[in-house]
Amino acid sequence: MKTFPVVRFVIAGQEKEACGPGRPWTVVYDGQCKVCNRLVGLLRRWDTRNEIEVIPFQNTTVLDRFPWIPASAYAEAMQLVGPGGQTWQGGDAIEQLLKILPFGGLLGWAFKLPFFGELFNRFYRWFARNRYKFGCGEHCALRPAKLDFRDQEAA
């Protein structure tokens, strides 16, 4: 399982959570990908306990809220930030989400099978590289693979 180092925020002597207000989990996804947006809609309906904040990586606060995640990581995979700042990405994030969501274990058991996790991660990486080709249109398929997120600040 791939994780990122935890960064702790201390404000006025009080430790603060890195996640959104009132929700222990935050999913950061590609808001310009139509397939990703459809899957986020499913995630929001599935999260009946309202424990997951969902924000696109194009949101201007993302880089400031999660400074330990490299900007390039958002273009490569979905990020899941949990309590205390622990972070999962890609297929590992989906595996963790299945542990959080109601009845997620009905699908999550597959990750316990030998080799399933690695195969799923390979599929996820392939899908992430090609996501603009699915259900979006020609303009998305032409989008450059390397994105510079800082250029959005000038717009």
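The values are calculated or read from the model by the stated rules, or taken from the named source; none is laboratory data. Since the model is a prediction, treat every value here as computed from it, not as a measurement. Using ideal geometry, Cβ is built from the backbone for each residue, glycine included, and neighbour counts are taken over all protein chains shown.
Suppose the filter is under 15 Å from Leu39 (Cβ atoms) and modelled with pLDDT of 85 or more; does Gly90 pass it?
It is true that Gly90 is under 15 Å from Leu39 (Cβ atoms) and modelled with pLDDT of 85 or more.
Considering (1) touching a strand residue (DSSP E or B) at 6+ places or on another chain (Cβ under 8 Å); (2) closer than 25 Å to Phe134 by Cα, the lone condition that Trp68 does not fulfil carries the number (2). Which one is nearest to Gly84 (Cα to Cα) among residues in the range 4-48 that are among the acidic types (Asp, Glu) and modelled with pLDDT of 90 or more? The residue in question is Asp47.
Scan the range 126-136 for residues that are over 21 Å from Gln79 (Cβ atoms) and part of a helix (DSSP H, G or I) and the total you get is 1.
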